[in-house]
Amino acid sequence: MQNRSAYPLDKALENLRQSREGWSANLSLVEEGVVTTVLNGIAKIDGLPGVSCEELVQFRDDLFGIAFNIDPGEVGIVLLGDYSRLRTGERASRTGRVTDVPVGDALIGRVIDPLGQPLDELGPVKATKRWPIERPAPPIMDRAPVTVPLQTGIEVIDAIVPVGRGQRELILGDRQTGKTSVALSAMINQRGNEVLCIYCAIGQKAASVAKAVAVLRERGAMEHSIVMVTEGNDPPGLQYIAPYAATTIAEYFMQQGRDVLIVYDDLTNHARAYRELSLLLKRPPGREAFPGDVFYIHSRLLERATHLSRELGGGSLTALPIIETEAQNIAAYIPTNLISITDGQLYLSPTLFELGTLPAVEIGKSVSRVGGKAQLAAYRAVTGSLKLAYAQFEELENFARFGTRLDDASRNIIDHGQRIRECFKQDEFDVLSLPEQLLILLALTEGSFERIGLDGMREAMAAVRKSAVSLPKDLVARILSGKALDDVDRRVMLETAKRALEHLGKAHE
Ligand code: ATP
Ligand code: MG
């Protein structure tokens, strides 16, 4: 009996050894699994025992996915493309690499998707390098303080809540309050200077994206911009990776010593896409059904924005993330998370928007925690008292609404405040140069607009603005180089503004 049983055992062991050899030889070539379910942008795979977390997995027809959940016996894959033809029973294979994007100068002027595929009519993207989309944020020792301003061309922002290169400034507000418009203006204002711009549309309507690209093209901003697009009907996986991919492209330029501005429009959609993925993958839901690590997905993204030290080339990455609030509730879960991660916020108020005060930046709720130090010295001489005067005005304005009779001092504060408000009105995408902004601010603080009625302010500002071309060249050069204005400079500028206003007055007579 013993002999009879020993023989098949030996044989079985030998068979097993041989088949294992064959199996391991196969493994080194490619490791495959089988799709068991496909649902809403998620595929479950049986097999792929050696797959690593975040590894790229390939299906047929160039469809890729990222390994997200690795459970015993089952791998949850987040799909990154059109999965409508993916069926159960199909094969999935490991690629041995993580998701990456093309980087380099070839991307400038292009509209691409998060995997670097072109979405415009300009042919294939001819980049030679690819970088992983998830990269660690630079350590503290590699970072330098924010010292150079990032001019947005929007007067109220540059004067009151200035943004510096390397800063993260949140743009938040209800829907249709001009959030995208503020970000696009900042991109347009980088024409002719060295800041490269990336606009990352996350889960947007196709029409909004088309409009944004058209605006950038029309205003000559595509020459220094890259647009990365995911639309609302793209798989949530693609929407989820978009900001990381866009940041990698930005980091490539930052490491070349360049200054980069990146706009994430918007992270509300990003958080929603991540929530959708997490729920489909059966991860435990937390507050508002968001997974517990929703804070982390945004913090690790925004940590990558910085100003690199001089030894590392001194490049910078400025981030303008956008968040949509509901019913003006800036204390909701995702907005408060983002407020705590960023270095300040620009709050766009629907009330101001309805009143026609555009851009609808509410000064009282907007702040820039690091940009003040980077603001050009010339501003400080002209904006010193503005914020306080405006805050006083807002308080009194509420009070005066009840029909209270006001004394002369209060009346003056209200008049001045209303004039400040008029001065900060700006047409969409009509960005103001530095000398134009300073002329208007100086005329405002020195009371040159005092004799002009509120309804004449628009015309008066246009006249003052136009006169900026007649400023002496050396003065303009000094302003642009960041020098403070001395008394002579101020006098020259004030005279220029006054002359423009007198001219306007004569034209009306
Ligand atoms: P959404 O919530 O849909 O993304 P949004 O907050 O990004 O909207 P925008 O799309 O930028 O808002 O602007 C909303 C509307 O307001 C647009 O029609 C835009 O043309 C108009 N708008 C924005 N800023 C100005 C401005 N300064 N002057 C005139 N119109 C403006
Ligand atoms: Mg928008």
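If you plug the beta carbon distance of D430 and V469 into 1/(1 + (r/R0)^6) with R0 = 22 Å, you get a FRET efficiency near 0.85.
Mind checking which lysines have their Cα closer than 24 Å to the Cα of K425? Skip sequence neighbours fewer than 8 apart in that chain. Qualifying lysines at Cα under 24 Å: K179, K211, K365, K387, K466, K498. Backbone N atoms of the range 122-141 closer than 15 Å to the 7 Å Cα→Cβ label point of E303 belong to residues 134-141. Taking amide H atoms as placed 1.01 Å from N in the peptide plane, the amide H of I42 lies under 5 Å from those of L79, each 5 or more residues away in sequence or on another chain.
Scoring 477-483, 63-69 by mean Cβ neighbours within 10 Å over their residues and listing the highest first yields 63-69, 477-483. The amide H of A92, built 1.01 Å from its N in the peptide plane, has G33, V34, V35 as neighbours under 5 Å, considering only residues 5 or more places off or on other chains.
Ranked highest first by average number of other Cβ atoms within 10 Å, how do 254-263, 76-85 line up?
Working: 254-263: 22.1, 76-85: 19.5.
Top to bottom by mean Cβ count within 10 Å: 254-263, 76-85.
Ordering of 264-272, 449-457 by packing is 264-272, 449-457, highest average first (other Cβ atoms within 10 Å, averaged per residue).
Please report, in debye to the nearest 20, how large the charge dipole of the range 37-107 is about its Cα centre when each Lys and Arg carries +1 at its beta carbon and each Asp and Glu carries -1 there. Numbers along the way, then the final one.
Working: 7 positive and 11 negative charges, 51 e Å.
Roughly 240 debye for the range 37-107.
Quick check: net charge around G257, other residues with Cβ under 15 Å of its Cβ, Lys/Arg +1 and Asp/Glu -1? Taking every Cβ under 15 Å from that of G257, the sum is -2. Karplus-based coupling profile of the range 107-114, in residue order and whole Hz: 7, 5, x, 9, 10, 10, 9, x, with θ = phi - 60° in 6.51 cos²θ - 1.76 cosθ + 1.60 and x standing for Gly or Pro.
Taking the dipole about the Cα centre of the range 306-372, with the C-beta of Lys and Arg at +1 and of Asp and Glu at -1, give me whichever of Y333, Q345, G356 is farthest to the positive side. Highest projection toward the positive end goes to Q345.
Computed extension length for R491-E509: 3.8 nm, one decimal, from 0.36 nm per residue of separation with the Cα-Cα distance subtracted.
What full-extension length gain, to one decimal in nm, is calculated for K282 and D105 as 0.36 nm per residue of separation minus the Cα-Cα distance? Walk me through the numbers on the way to the answer.
Values: separation 177, 0.36 × 177 = 63.72 nm, distance 4.06 nm.
Extra length from K282 to D105 when fully extended: 59.7 nm.
Among the protein heavy atoms, those of C53 account for about 80 Å² of accessible surface (1.4 Å probe, every chain in place).
Per residue, the accessible area of the range 216-265 comes to 26 Å², computed with a 1.4 Å probe over protein heavy atoms only.
Nonpolar atom fraction for the range 191-282, defined as the carbon and sulfur part of the 1.4 Å probe accessible area, stands at 44 percent.
Given Cβ point charges of +1 (Lys, Arg) and -1 (Asp, Glu) and nothing else, what value in debye, to the nearest 20, does the dipole of the chain about its Cα centre take?
560 debye
If you stretched the chain out fully between Q176 and N233, how much longer would it get, using 0.36 nm times the residue separation minus the C-alpha to C-alpha distance?
Working: separation 57, 0.36 × 57 = 20.52 nm, distance 2.04 nm.
Value of the extension gain: 18.5 nm.
Kindly point out which whole DSSP H helices in the chain project their C-alpha atoms 27 angstrom or further along the helix axis while averaging a Kyte-Doolittle hydropathy of 0.0 or above. Write down the numbers at each step before the final one.
Details: long enough: 2-29 (41 Å, -1.01); 236-255 (30 Å, 0.26); 487-508 (31 Å, -0.71).
Helix filter hits for the chain: 236-255.
Taking the Cα centre of the range 165-246 as origin and charging only Cβ (+1 Lys, Arg; -1 Asp, Glu), how large is the dipole, in debye to the nearest 20? Write down the numbers at each step before the final one.
Numbers: 9 positive and 7 negative charges, 33 e Å.
The dipole magnitude comes to about 160 debye.
Here the calculated FRET efficiency for N40 and R143, from their Cβ-Cβ distance with R0 = 56 Å, stands at 0.90, rounded to the nearest 0.05. Using the Cα coordinates of the chain, the gyration tensor eigenvalues translate into equivalent-ellipsoid semi-axes of 56, 23, 19 Å, sorted from longest to shortest.
With both partners inside the chain, how many of the DSSP beta bridges are antiparallel, as a percent to the nearest 5? Mind dumping the intermediate values first?
Numbers: 37 of 66 bridges.
If I count the DSSP bridges inside the chain, around 55 percent turn out antiparallel.
With r as the distance between the Cβ atoms of R310 and Q392 and R0 = 30 Å, compute the FRET efficiency 1/(1 + (r/R0)^6) and round to 0.05. Mind dumping the intermediate values first?
Working: r = 42 Å, r/R0 = 1.40.
Taking R0 as 30 Å, the efficiency between Q392 and R310 is 0.10.
The residue among H503, L480, M461 whose Cα reaches farthest toward the positive pole of the charge dipole of the range 443-509, with charges on the beta-carbon of Lys, Arg, Asp and Glu, is L480.
The values are calculated or read from the model by the stated rules, or taken from the named source; none is laboratory data. Because the structure is predicted, anything quoted here is derived from the model rather than measured. Here the Cβ is made from the backbone with ideal geometry for all residues, glycine too, and neighbour counts use every protein chain on show. Protein only, heavy atoms only, side chains kept; ligands, DNA and RNA dropped before computing areas. Shrake-Rupley method; radii C 1.70, N 1.55, O 1.52, S 1.80 Å.
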